[in-house]
1. Quick check on residue 173: is it open to solvent by less than 20 Å² (accessible area, probe 1.4 Å), in contact (Cβ under 8 Å) with a residue 40 or more places away in the chain and either among the charged types (D, E, K, R) or more than 20 Å from residue 39 (Cβ to Cβ) (or both)?
2. What number of residues within the stretch 376-402 satisfy the criterion of being of a type in the set (A, V, I, L, M, F, W, C) and away from ligand 2 (no atom under 16 Å from the Cβ)?
3. From the list 335, 321, 339, exactly one residue is within 16 Å of ligand 3 (Cβ to nearest atom) and farther than 30 Å from residue 482 by Cα. Which is it?
4. Among the numbered criteria (1) touching a strand residue (DSSP E or B) at 6+ places or on another chain (Cβ under 8 Å); (2) away from ligand 2 (no atom under 14 Å from the Cβ); (3) assigned to a helix (DSSP H, G or I); (4) not aliphatic (A, V, I, L, M), which single criterion is violated by residue 278?
5. Which ones in the stretch 488-500 are more than 15 Å from ligand 1 (Cβ to nearest atom), within 14 Å of residue 292 (Cα to Cα) and open to solvent by 10 Å² or more (accessible area, probe 1.4 Å)?
6. Within the stretch 320-335, which residues are surrounded by fewer than 21 Cβ atoms within 10 Å (Cβ to Cβ), among the small types (Gly, Ala, Ser) and within 13 Å of residue 274 (Cα to Cα)?
7. Pairs under 9 Å by beta carbon, first residue within 15 Å of residue 130 (Cβ to Cβ) and of a type in the set (Phe, Trp, Tyr) in the stretch 56-78, partner open to solvent by less than 70 Å² (accessible area, probe 1.4 Å) and in a helix (DSSP H, G or I), six or more apart or different chains?
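The values are calculated or read from the model by the stated rules, or taken from the named source; none is laboratory data. Keep in mind the model is a prediction, meaning the values are calculated, not measured. All Cβ positions, even for glycine, are placed from backbone atoms using ideal geometry, and neighbour counts span all protein chains on display. Areas reflect the complete protein model, heavy atoms only, side chains present, ligands, DNA and RNA absent. Shrake-Rupley method; radii C 1.70, N 1.55, O 1.52, S 1.80 Å.
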Amino acid sequence: MRRRLILPAAIGLGVSIGLLPLAGAYYLSGERAIATERLHLRDYAGWTLQRTDRAITRAKSSLRRLVMENHELCSPRHLERLKQLKMDVLTVEDIDTFKDGKLICDSWGLSSSPELMRKPNILLADDFGLVVGSGPTAHRPQGDMLAVAFGPYQAFIHKESLVDVLHDTPMVLGVATRDGELLALSGQADLSLVRQLSREEMSGATNQKVFASLRGADFVAFAISDRRVVDRRANDELWKLIPIGTAISAIVIGLIVWVSRQRMSLAGELRTGIAYREFIAHYQPIIELSTGKCVGAEALIRWPRPDGSWVSPDLFIPYAEAHHLIGPVTDILIERILEDMKVALRADPSLHIAINISAEDIQSGRFLDVLSDAIEKAQVNPAQIWLEATERGFMEADAARATLERARERGHAVAIDDFGTGYSSLSLLESLPLNVLKIDKSFIDAIGRKAATSIVTPSIIDMAHTLKFIVVAEGVEKVEQAAYLEAAGVEFAQGWLYSKALPPREFLQFHSLRNAGSPMPEAA
Ligand code: G
Ligand code: G
Ligand code: MN
């Protein structure tokens with residue numbers, strides 16, 4: 001993946017894993033909240049219908065009883081009975097008695113100001129009627145009542161008592177007749193919606209409202225709630241979920257960026273590093289043991305990133321080798337090294353620089369022409385450039401031999417690097433055109449210790465000399481090691497005893513200081 005795409009991709013994936021399910025859950029919970037609210041409203045419509053039915057039924061049965069009792073109208077006994085019924089039936093506020101269309105008495109007593117009877121405008125079953133929409137009269141100034149009519153009687157009920165149902169969330173309750181005549185409404189509501197709900201049994205939602213209606217034998221009840229109430233409930237849920245979703249997103253994004261930085265992008269980073277020629281060389285001095293002089297250096301690759309970090313070669317060299325990216329890295333380093341060192345190499349013909357060549361390059365030999373071009377341009381003696389290859393480069397002996405022979409023909413010295421850590425046989429060593437052997441640090445560490453490898457070290461040195469190799473000891477850290485190696489006839493040494501790998505200018509300083517006068521004491 002290209003480096004530029006990693007962050008957007010990570011954000012995309014993080015958001016889709018962390019936030020999309022949340023958004024989905026939010027949408028679904030919104031839908032579910034509305035469905036739940038519709039059922040909730042339907043329940044309240046049902047309870048409103050029951051309440052209305054009960055109030056009307058009670059009024060009806062009181063009136064039926066009065067008619068059956070066959071009273072002498074407005075007699076003291078009759079008046080007593082009217083008063084008693086009003087007390088007994090809670091929803092009935094008053095019972096009027098009419099004769100010849102005129103009010104003659106009610107549950108308060110005889111009527112003083114005769115009033116005309118209003119005819120029922122709605123007919124119910126069994127000769128019952130309903131008087132609704134009655135405005136205020138002299139007798140009942142509020143006009144907020146409806147009346148059940150039967151025979152000479154009309155029983156008055158407060159309209160609002162029909163819809164007086166306790167509710168747990170804000171809503172408007174209403175009752176209408178089956179023909180759509182509105183009887184009572186507990187609050188404010190859009191009249192066209194009310195009309196629609198009064199006419200048919202339905203439930204649904206608009207952008208503003210959620211509603212449900214229910215039809216009974218004589219009446220229709222309905223409930224309407226504000227959409228905002230439902231949405232707020234869903235929102236509350238969402239606010240609880242957002243931190244979780246955000247945290248999941250952040251973790252996923254961080255994880256992807258981290259993983260891609262660590263692994264996936266290394267190939268991309270390497271390609272960028274190659275394109276911008278970000279690789280440089282540091283130089284670890286090589287000391288002639290007999291004189292203490294600096295006779296050369298091993299060039300060691302360094303990769304300073306634009307962000308200021310340094311990538312360890314132990315990490316990216318094996319990676320570059322595995323992904324066939326080592327070739328251009330070798331080329332960049334070769335050109336860089338000759339650029340860094342050409343002046344010093346021309347000035348001191350005894351100075352050499354050793355370059356590490358990877359196994360793949362040794363097999364192909366492709367780098368040789370790049371090297372020759374760079375040497376020609378720098379006007380340096382090819383004998384001053386040494387090549388180091390590990391035993392892995394000699395796996396296909398014929399290909400390796402061809403490359404090494406060409407290198408020798410051009411004047412380079414060729415070293416076997418990290419000697420002793422691989423499996424090279426003596427016969428292979430003999431058959432390859434090598435002339436330098438670098439003893440691996442592990443055998444130098446063993447000097448003066450009672451380790452098994454310490455027995456091997458002198459044999460390696462003897463064998464190398466028998467084969468006429470120049471010997472370089474790697475990783476020399478102690479004065480005793482240097483003394484031992486010198487006594488054993490080892491020609492050269494490198495290690496922290498003398499110096500770590502240095503940037504070009506510092507190495508050149510080290511080189512000229514070291515070689516200026518008499519041999520310097522070994523400073524640790
Ligand atoms: O000094 P340092 O820690 O950088 O070395 C780490 C390893 O990387 C060593 O094994 C060394 O051989 C290898 N190395 C250093 N520079 C180069 C180079 O330019 N090319 C190749 N192929 N390997 C190198
Ligand atoms: O190419 P080669 O595999 O020899 O690479 C040399 C490696 O050894 C580099 O990683 C370099 O930093 C490291 N090195 C060089 N001298 C010393 C030393 O004296 N002590 C230790 N511990 N490491 C060293
Ligand atoms: Mn090396």
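1. Judged against the criteria, residue 173 is not a match.
2. 8
3. Of the residues listed, the single one that is within 16 Å of ligand 3 (Cβ to nearest atom) and farther than 30 Å from residue 482 by Cα is 321.
4. (3)
5. 489, 491, 492, listed by residue number.
6. 327, the sole residue that qualifies.
7. Listed pairs, sorted by first residue: none to list.
Conditions (1) within 14 Å of ligand 2 (Cβ to nearest atom); (2) at pLDDT 95 or above, marked per residue:
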{"residue": "285", "(1), (2)": "yes, yes"}
{"residue": "289", "(1), (2)": "no, yes"}
{"residue": "297", "(1), (2)": "yes, yes"}
{"residue": "307", "(1), (2)": "no, no"}
{"residue": "321", "(1), (2)": "yes, no"}
{"residue": "336", "(1), (2)": "no, yes"}
{"residue": "343", "(1), (2)": "no, yes"}
{"residue": "346", "(1), (2)": "no, yes"}
{"residue": "353", "(1), (2)": "yes, yes"}
